[in-house]
Amino acid sequence: MATDRSRNIFIKKRNEILLIFYSLGLSIFFLECNKHEHADKKIFRYNEISGIASLDPAFSKNQSIMWAIHQLYNTLIEVDSNMLLKPSIAASWEFSDSNKTVTFHLRNDIYFQDDECFSNKKGRKLIAADVVFSFNRIADKNTASPGAWIFNNRVKEKTPFTAVNDSTLQIKLLAPFQPILGILSMQYCSIVPHEAVEKYGNDFRRHPVGTGPFAFVAWEEGQAMVLKKNHHYFEKDSCSNSLPYLDGVKINFYDSRATEFLEFQQGRLDFINDIDPSFKDEILSKTGNLKGEWKDKIELQKHPYLNIEFFGILTDSNNVLVKNSPLKLLKIRQAINYGIDRKKMMLYVRNSIGTAAESGFVPQGLPSFNKEKVKGYTYDPAKAKQLLVEAGFVNGTKFPEIKLLTIPVYANLASYVANELKQIGINVKVEAMQKSLLLEQTSKSKALFFRGSWIADYPDAENYLSVFYSKNPAPPNYTRFKNLLFDQLYERALSQTNDSLRYELYQQMDKIIVENAPVIPLWYDEAIHLVQKNIKGFVPNSLNMLELRRVNK
């Protein structure tokens, strides 16, 4: 009897969801037999292979969640397409108290979306107390947010967030920390109303209430999610037209790349993020361009993505692994860097997706990136061999085998590099292991030579350079790099409010990393999108954030 009752409840709930879609003219998306489109609706459609685990900003720990959160909520500050910070909920801000207090002045025309959690079911105005509630909620251990780290050792322990009045907020820092502005642009820092959290409790993950350009409609887990245009959204374009232009967003959850690609081919998805390796050679030439048969059918977008792929080297001289390895020698680490033809690697292994990392550790796409000021390693096998001689490996001296730890998906890349290094006399053995095991080994300093990557959490080079700050544990300092001058420059940069001067400090630090070679930078990543021809205003950015406010169809 209980089973029948549960089934009836499920069927009733499913029917309610489908009725909502009908009422919006969106039933086409869940009714596979119906193949025609509603011409009067502009719906942007994409797929999430991994699904979406939550619509609660406190849990926006991966790209699939962040993309959806970005449509539903706003943050105090946001990032533009050039990776520069700009106002969003906060109209302006200033630092005071020796740069340890940040005061934000909020817009007074932002309203939460209509929802039953409010007394009259109408969205109320966002005020500074909502920001305080949202930030305290992230830091609260009871929330168990994976984003709690963003305020750790950065804001004061007692009352770090204060609503001075409805339109003024203050944040008290433990010490000057200019990158706090970039952190506040993260989706974790989206502003939520206390009424929704209190009403829905743990089910808030399925009942988002924000101020963003789109509002939640329905979500059938494992099937699809639908969002609709927020007609009360506060932003306008340069001609005073209300944003967004789209009527809604529909997200599928096909768990197969083959299905996703077929749906895109047949025009039922508007874009694909990244290209599965199994389709890469069919669509792209070795130079990274669309092959002839695809050029008139779709658009290809390639844009710097704030991710660097690299091989790390443990440098802690007290570690027995380091003491017994030639990698303890600077000239050996430099020889490895000179011994890899990164441009050829990009051509033949990556179909030219990404840029050979011939500058420092900070990737292109960040405002502080400057390949003229920070020169890295280019392919020079003669130089590499000379460094080996200078390091003592002369007259056929046998080079001991070095083990390179990687994950299965990068095994071919690691083998390519091992073969490159063999040509100059460095013997590397590749060992592939599960990602969780590799992370455990690097965290415990049990990996001497290992594959790594670093994706920006926020658009500031400090996020990358913190990887080498000696006072940081692993993560992020997996190499255990320690350099006094680097640490001094890092600490100076944290309090520098002048962007140009801070960028100069970042570049000096990056040069130190190049000179000491605790890592072998491989490539600076690119976001790659396949987009339908009828999609306009779809602009990529270096965080690979899905930006739909100005998209038209």
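The values are calculated or read from the model by the stated rules, or taken from the named source; none is laboratory data. All values reported here derive from a predicted model rather than from experimental measurement. Cβ coordinates were reconstructed from backbone atoms using ideal geometry, including for glycine residues, and neighbour counts include every protein chain displayed.
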Q.
Among the residues in the range 513-527, are any without any contact (Cβ under 8 Å) to a residue 24 or more places away in the chain and assigned to a helix (DSSP H, G or I)?
A. yes
Q: Scan the range 411-452 residue by residue and report those that are of a type in the set (Ser, Thr, Tyr), buried (at least 16 other Cβ atoms within 10 Å of the Cβ) and within 26 Å of the chain's Cα centre (by Cα).
A: Thr442, Ser445
Q: Take Gly267 and decide whether it is buried (at least 19 other Cβ atoms within 10 Å of the Cβ) and out of contact with any helix residue (DSSP H, G or I) (no Cβ under 7 Å at 6 or more places or on another chain).
A: no
Q) Residues in the range 390-410: is at least one aliphatic (A, V, I, L, M), within 25 Å of the chain's Cα centre (by Cα) and surrounded by fewer than 16 Cβ atoms within 10 Å (Cβ to Cβ)? A) yes
Q | Qualifying position, being touching a Ser or Thr at 6+ places or on another chain (Cβ under 7 Å), of a type outside the set (Phe, Trp, Tyr) and in contact (Cβ under 8 Å) with a residue 40 or more places away in the chain, among Asp316, Asp270 | A | Asp316
Q.
For the structure I just gave you, tell me whether Glu260 is buried (at least 16 other Cβ atoms within 10 Å of the Cβ), over 30 Å from Gly376 (Cα atoms) and touching a residue at least 40 places away in the same chain (Cβ under 8 Å).
A. yes
Q) Do you know which of the residues in the range 344-386 that are part of a loop (DSSP other than H, G, I, E, B) and among the basic types (Lys, Arg) is farthest from Tyr503 (Cα to Cα)? A) Arg350
Q: Would you list the strands (runs of 3 or more DSSP E) that sit entirely within the range 97-186 and hold 2 or more residues that are within 23 Å of Arg502 (Cβ to Cβ) and touching a residue at least 40 places away in the same chain (Cβ under 8 Å)?
A: 101-106, 168-172
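Conditions (1) assigned by TED's automatic domain parsing to the domain that holds Gly452; (2) in a helix (DSSP H, G or I), marked per residue:
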position: Asp296; (1), (2): no, no
position: Val322; (1), (2): yes, yes
position: Arg333; (1), (2): yes, yes
position: Ile340; (1), (2): yes, no
Q) Within the set of pairs 6 or more residues apart or between chains, which connect a residue that is touching a residue at least 24 places away in the same chain (Cβ under 8 Å) inside the range 327-340 to a residue that is among the polar types (S, T, N, Q) with Cβ atoms less than 8 Å apart? A) Leu330/Asn516; Arg333/Asn516; Tyr338/Thr378; Gly339/Gln423
Q | Test for Trp93: is it surrounded by 15 or more Cβ atoms within 10 Å (Cβ to Cβ), under 21 Å from Leu227 (Cα atoms) and either in contact with a strand residue (DSSP E or B) (Cβ under 9 Å, 6 or more places away or on another chain) or in the same structural domain as Phe133 (by TED's automatic domain parsing) (or both) | A | no
Q | Inter-residue pairs, beta-carbon under 9 Å, first of a type in the set (Asp, Glu) and in the range 400-416, second surrounded by fewer than 18 Cβ atoms within 10 Å (Cβ to Cβ), 6+ apart | A | Glu401/Asn427; Glu401/Lys429
Q.
Restricting to the range 269-317, name every residue that is modelled with pLDDT of 95 or more and more than 26 Å from the chain's Cα centre (by Cα).
A. Thr315, Asp316
(Q) Looking at Lys100, Lys61, can you tell me which residue is over 28 Å from Lys228 (Cβ atoms), among the charged types (D, E, K, R) and surrounded by 15 or more Cβ atoms within 10 Å (Cβ to Cβ)? (A) Lys100
Q.
Looking only at residues that are crowded, with 20+ Cβ neighbours inside 10 Å and of a type outside the set (A, V, I, L, M) in the range 274-308, which one is farthest from Glu526 (Cα to Cα)?
A. Asn307
Q.
Just to be sure before I move on: is Gln71 touching a residue at least 40 places away in the same chain (Cβ under 8 Å), surrounded by 22 or more Cβ atoms within 10 Å (Cβ to Cβ), under 29 Å from Lys250 (Cα atoms) and out of contact with any helix residue (DSSP H, G or I) (no Cβ under 9 Å at 6 or more places or on another chain) in the structure I sent?
A. yes
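Considering only the range 249-263, state which residues are within 24 Å of the chain's Cα centre (by Cα) and either closer than 25 Å to Phe214 by Cβ or of a type in the set (Ser, Thr, Tyr) (or both).
The answer is Val249, Lys250, Ile251, Asn252, Phe253, Tyr254, Asp255, Ser256, Glu260.
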**Q.** Residues satisfying the stated conditions in the range 298-320, i.e. outside any loop (DSSP other than H, G, I, E, B) and within 18 Å of Ala391 (Cα to Cα)
**A.** Ile313
Q: Tally the residues that are on the phi > 0 side of the Ramachandran plot and assigned to a strand (DSSP E or B), restricting the search to the range 256-290.
A: 0
Q.
For the range 476-495, check the following and say yes or no: at least one residue is acidic (Asp, Glu), under 30 Å from Phe95 (Cβ atoms), touching a residue at least 24 places away in the same chain (Cβ under 8 Å) and not assigned by TED's automatic domain parsing to the domain that holds Gln187.
A. no
